[in-house]
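Undergrad: For reference, the structure I am asking about is given below.
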Amino acid sequence: MSAKSSTQRIDFNTPALKRKRKLRALKDRLARWYVTFGGLAVLGAVTLIFFYLAWVVLPVFSGAELAEKKAQSPAWLSEAGEPLLLSIEEQNKVGMRLGRDGQVVFFNVKDGSERKRFQLPLPAGASITSYAEDQPGTDRVVLGLSNGQALVFKHFYKVTYPNNVKTISAELQYPLGEAPISMDEQGRALEHVAFSDKGDAKLLAATVGAELMLLSISEEENFLTGETTVEQERIALPQIADPIKDVFIDPRHMWLYVLNGRAKADVFDLRSNQLNGRYKLEADGDTEVTAATPLLGGISLLVGDSKGGISQWFMARDEDGVAGLKEIRTFQLGDSPVQQIVAEDRRKGFVALNGQGELGVFHSTAHRTLLVEPAAEGKALFTLSPRANRVLIEEAGQFKPWALDNPHPEVSWSALWEKVWYESYDEPKYIWQSTAANNDFEPKMSLSPLTFGTLKAAFYAMLLAAPLAICAAIYTAYFMAPQMRGKVKPVIELMEALPTVILGFFAGLFLAPFVENNLPGIFSLLILMPMGMLLAAFGWSRLPESIRLRVPDGWEAALLIPVVLFIGWFSLSMSGVMENAFFAGDMRLWLTNDLGITFDQRNALVVGLAMGFAVIPNIYSIAEDAIFSVPKSLTYGSLALGATPWQTLTRVVILTASPGIFSALMIGMGRAVGETMIVLMATGNTPIMEFNIFEGLRTLSANIAVEMPESEVGSTHYRVLFMAAMVLLLFTFAMNTLAELIRQRLRNKYASL
């Protein structure tokens with residue numbers, strides 16, 4: 001048979017093959033569409049997450065808004081005398097007006113109509129010459145009378161539901177009785193008064209000219225008879241040379257502030273009844289104090305001047321431990337004199353009105369000016385509701401109500417990222433403390449200690465994981481025998497399946513106390529382990545070839561197992577001996593007392609050990625694959641040219657695999673930054689900015705996990721937690737972008753190898 005006749009032609013156009021090709025093409029298109037759709041979906045999901053976080057976060061940076069309501073001109077207001085004080089109850093339903101004639105009128109805020117009227121029990125022939133309020137939110141008012149007496153009253157509001165209809169009734173109380181208390185024995189008119197009620201102890205201050213009077217009132221109840229005994233004691237204080245402008249009492253009864261002269265303040269220590277110091281409240285000599293009021297809590301004093309400036313002052317200690325009045329921050333409200341300052345009842349914000357009728361809304365801690373708008377035509381009196389959502393101005397016989405929208409004044413760039421001088425602190429600090437038990441609390445929402453804690457935890461984790469994982473990947477991929485590699489790599493990768501909550505539980509309950517009790521052994525282990533391995537390798541290299549050749553090539557690493565076990569046992573067994581010999585039996589106390597290093601049981605060292613263990617499999621697996629994937633032709637070519645295996649590794653293999661190794665490190669870093677359960681359970685969750693490895697930390701992710709369940713939806717705290725999540729997302733995005741750029745550059749540089 002000829003060759004031509006024996007050759008058979010294959011028909012590729014049979015119906016079966018056509019159907020197979022069409023099916024394959026369809027599968028290819030579906031796979032391409034599926035991969036494209038999946039990739040775009042991932043990008044879209046990440047983008048949507050970013051925009052959702054931004055949508056939740058952006059409102060905290062918006063300012064305040066003021067909306068004017070319809071002015072009211074009730075008939076009773078036109079007949080009333082000069083106003084001294086305005087107030088609104090919490091529901092914005094009932095307002096209170098105190099007149100110079102001693103009339104207290106409660107009225108409807110909605111239309112200005114009168115609800116109830118009280119005449120204060122003023123003595124015959126006496127008139128009101130001064131007034132002052134107790135701390136914001138207390139609704140207590142003290143009146144100075146023309147006969148040298150003082151009267152204290154409180155306005156409060158009862159809420160009842162007769163016939164299922166909400167009814168608010170206004171009442172007056174007299175905490176010290178309806179009979180006024182004599183302050184000046186000579187019967188002179190009291191020019192300024194102040195009152196502070198601390199429960200069982202009350203202080204009442206009054207001034208006449210440059211003379212200062214202070215009265216202490218204490219109440220003691222007999223637990224057998226139930227009778228209450230009231231005692232009064234006059235407190236003698238050093239006199240003041242200049243005429244007094246105003247007086248304020250610290251609610252803790254520690255300090256008495258007396259504003260006098262043009263712009264001076266004398267501060268008295270009420271514990272010793274001595275003068276603490278005299279302070280200037282202005283920088284230049286032509287500024288005069290025109291208004292002052294305590295901030296919520298009474299620790300800070302807000303002082304307005306004749307040039308529209310408002311400054312915040314409170315007592316703080318200097319480097320020598322001496323307390324003094326410090327100017328903390330300043331605000332500006334136009335250039336005309338500040339007429340009135342009203343502090344909020346529930347936040348560290350305040351509202352001020354100047355001589356040109358401009359209304360300013362500010363927040364002290366955030367050092368933020370939220371709003372400055374004209375609200376009056378000239379001299380006026382205003383009040384702020386307890387919820388800080390309504391402003392009521394009385395001007396020229398009219399009530400001018402304004403709706404104030406100011407939901408998130410506590411947040412600013414400086415409050416989030418810069419040092420802030422908080423009340424009762426001696427210097428500016430980075431602090432995160434979002435909640436407290438009382439309304440006087442000053443929110444401290446600095447993200448700096450949380451970001452620092454995140455980077456600190458990641459740094460110590462990578463400090464342990466990166467060298468071990470990369471070196472293990474190099475040895476496994478390049479030097480280890482294939483049979484041994486097939487056993488070691490799956491075991492290490494299996495570590496990644498261990499839940500981090502288990503690692504955190506183990507680290508918090510076992511590893512932390514173990515490290516504390518074996519500190520010398522842990523540190524000797526970190527020193528002796530690399531030295532012992534190097535010595536073992538050196539000793540192995542000096543053995544005769546007849547012995548060394550008995551171990552198959554690539555199995556030498558198995559010889560280190562007994563070395564590692566022995567060094568670990570030796571270091572930990574000698575821990576107590578070293579602690580007694582070098583650290584007087586307690587290394588922790590030695591660190592604290594002799595070196596001044598704070599030691600917490602759950603610290604960054606424990607986090608580094610636990611989280612480093614969790615990160616190692618990620619870095620190892622990717623780096624090992626990158627090194628093992630280096631073409632063998634490069635390795636054989638280098639060896640054929642006379643290079644040693646070590647030279648080939650360092651100058652060819654690692655350089656070629658460097659993009660993959662760098663990617664492994666970045667992925668491990670991202671894993672460490674985003675880790676939650678380990679840092680949540682293995683640290684003290686203390687948001688401090690200390691690089692000390694023996695102190696705790698709090699990360700952004702752990703803070704979100706801890707505080708998100710207890711935060712009110714839509715509150716400032718809630719949105720700041722979302723901002724922390726956004727910081728994590730942006731940090732990860734920036735880090736991955738930078739990593740990709742560096743990886744591409746490394747790939748292009750070493751692609752020619």
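The values are calculated or read from the model by the stated rules, or taken from the named source; none is laboratory data. Quick caveat: nothing in here was measured; it's all calculated off a predicted structure. Don't worry about glycine lacking a Cβ; one is built from the backbone with ideal geometry, like all the others, and counts go over all protein chains shown.
Undergrad: From ASP284, ASP200, which residue is exposed (fewer than 13 other Cβ atoms within 10 Å of the Cβ) and free of Cβ contacts under 8 Å to residues at least 12 places away in the same chain? Full working, then the answer.
TA: Details: ASP200 fails: free of Cβ contacts under 8 Å to residues at least 12 places away in the same chain.
Testing whether each residue is exposed (fewer than 13 other Cβ atoms within 10 Å of the Cβ) and free of Cβ contacts under 8 Å to residues at least 12 places away in the same chain leaves just ASP284.
Undergrad: Now, a different point. Sort through LEU151, LEU143, LEU86 and tell me the only one that's outside the structural domain of ILE217 (by TED's automatic domain parsing), in a strand (DSSP E or B) and either of a type in the set (A, V, I, L, M) or closer than 20 Å to ILE393 by Cα (or both).
TA: On the way: LEU151 fails: outside the structural domain of ILE217 (by TED's automatic domain parsing); LEU143 fails: outside the structural domain of ILE217 (by TED's automatic domain parsing).
The match here is LEU86.
Undergrad: Being closer than 25 Å to LYS489 by Cβ and out of contact with any Lys or Arg (no Cβ under 7 Å at 6 or more places or on another chain) is the requirement here; does TRP555 meet it?
TA: Answer is yes for this residue.
Undergrad: Restricting segment 486-545 to residues that are among the basic types (Lys, Arg) and free of Cβ contacts under 8 Å to residues at least 12 places away in the same chain, which is surrounded by the most Cβ atoms within 10 Å (Cβ to Cβ)?
TA: Keep residues of segment 486-545 that are among the basic types (Lys, Arg), which gives 487, 489, 542.
Narrowing further to those that are free of Cβ contacts under 8 Å to residues at least 12 places away in the same chain: 487, 542.
Details: LYS487: 10, ARG542: 8.
Ranking the qualifying residues of segment 486-545, first place goes to LYS487.
Undergrad: Which of (1) more than 23 Å from VAL303 (Cα to Cα); (2) not in a strand (DSSP E or B) does GLY378 not meet, given it meets every other one?
TA: (1)
Undergrad: Which one of the conditions (1) touching a residue at least 60 places away in the same chain (Cβ under 8 Å); (2) out of contact with any Asp or Glu (no Cβ under 7 Å at 6 or more places or on another chain) does GLN339 fail to meet, given that it meets all the rest?
TA: Every condition holds for GLN339 apart from (1).
Undergrad: May I ask you to list the residues in segment 664-677 that are assigned to a helix (DSSP H, G or I) and farther than 15 Å from PRO617 by Cβ?
TA: Initially, segment 664-677 is screened for residues assigned to a helix (DSSP H, G or I), giving 664-674, 677.
Those that are assigned to a helix (DSSP H, G or I) and farther than 15 Å from PRO617 by Cβ: MET666, VAL673, GLY674, MET677.
Undergrad: Moving on to the next point. Within segment 434-474, work out how many residues are modelled with pLDDT under 90 and either closer than 14 Å to ILE661 by Cβ or of a type in the set (Val, Ile, Thr) (or both).
TA: Residues in segment 434-474 being modelled with pLDDT under 90 and either closer than 14 Å to ILE661 by Cβ or of a type in the set (Val, Ile, Thr) (or both): 1 in total.
Undergrad: Pick from segment 440-478 the residues that are touching a helix residue (DSSP H, G or I) at 6+ places or on another chain (Cβ under 7 Å) and among the aromatic types (Phe, Trp, Tyr): which of them is farthest from LYS419 (Cα to Cα)? Before the answer, list the steps.
TA: Filtering segment 440-478 down to residues touching a helix residue (DSSP H, G or I) at 6+ places or on another chain (Cβ under 7 Å) leaves 445-448, 450-451, 454, 456-458, 460-466, 468-470, 472-478.
Applying the additional criterion that residues be among the aromatic types (Phe, Trp, Tyr) yields 460, 475, 478.
On the way: TYR460: 25, TYR475: 47, TYR478: 50 Å.
Once the filter is applied, the top-ranked residue is TYR478.
Undergrad: Right, here's the next one. Starting from segment 371-389, take each residue that is in contact (Cβ under 8 Å) with a residue 60 or more places away in the chain and list its partners that are part of a loop (DSSP other than H, G, I, E, B) and of a type in the set (Gly, Ala, Ser), counting only C-beta distances under 9 angstrom and pairs at least six apart or across chains.
TA: Qualifying pairs under 9 Å: LEU371/GLY63; LEU371/ALA64; ALA375/GLY357; PHE382/ALA375; PHE382/ALA376; PRO386/GLY137.
Undergrad: Examine segment 643-655 for a residue that is surrounded by fewer than 19 Cβ atoms within 10 Å (Cβ to Cβ), among the small types (Gly, Ala, Ser) and assigned to a helix (DSSP H, G or I), and state whether such a residue exists.
TA: no
Undergrad: Please indicate, with yes or no, whether at least one residue in segment 306-324 is touching a helix residue (DSSP H, G or I) at 6+ places or on another chain (Cβ under 9 Å) and buried (at least 19 other Cβ atoms within 10 Å of the Cβ). First the steps, then the outcome.
TA: Within segment 306-324, the first condition is being touching a helix residue (DSSP H, G or I) at 6+ places or on another chain (Cβ under 9 Å), and the residues that meet it are none.
Looking through segment 306-324, none of the residues is touching a helix residue (DSSP H, G or I) at 6+ places or on another chain (Cβ under 9 Å) and buried (at least 19 other Cβ atoms within 10 Å of the Cβ).
Undergrad: Would a scan of segment 177-194 turn up a residue that is at pLDDT 85 or above, of a type in the set (Asp, Glu) and assigned to a strand (DSSP E or B)? Break it down stepwise before answering.
TA: As a first pass, look at segment 177-194 and keep what is at pLDDT 85 or above: 177-194.
If we keep only those that are of a type in the set (Asp, Glu) too, we end up with 178, 184-185, 191.
Still in the list and also assigned to a strand (DSSP E or B): none.
No, segment 177-194 contains no residue that is at pLDDT 85 or above, of a type in the set (Asp, Glu) and assigned to a strand (DSSP E or B).
Undergrad: Here is a follow-up. Residue check, GLY668 against (1) crowded, with 23+ Cβ neighbours inside 10 Å; (2) free of Cβ contacts under 8 Å to residues at least 40 places away in the same chain, all met but one. Which one?
TA: If we test GLY668 against (1) crowded, with 23+ Cβ neighbours inside 10 Å; (2) free of Cβ contacts under 8 Å to residues at least 40 places away in the same chain, just (2) comes out false.
Undergrad: Check segment 613-631 and report whether any residue there is surrounded by 15 or more Cβ atoms within 10 Å (Cβ to Cβ), touching a helix residue (DSSP H, G or I) at 6+ places or on another chain (Cβ under 7 Å), in a loop (DSSP other than H, G, I, E, B) and modelled with pLDDT under 85.
TA: no
Undergrad: What pairs can you find where one residue is in segment 121-140 and over 18 Å from GLY177 (Cβ atoms) and modelled with pLDDT of 90 or more, the other is among the basic types (Lys, Arg) and crowded, with 19+ Cβ neighbours inside 10 Å, and their Cβ atoms are less than 8 Å apart, with a gap of 6+ or different chains?
TA: GLU133/ARG140
Undergrad: Taking segment 700-753, which residues are surrounded by fewer than 14 Cβ atoms within 10 Å (Cβ to Cβ), at pLDDT below 85 and among the β-branched types (Val, Ile, Thr)?
TA: Answer for segment 700-753, where residues must be surrounded by fewer than 14 Cβ atoms within 10 Å (Cβ to Cβ), at pLDDT below 85 and among the β-branched types (Val, Ile, Thr): just THR737.
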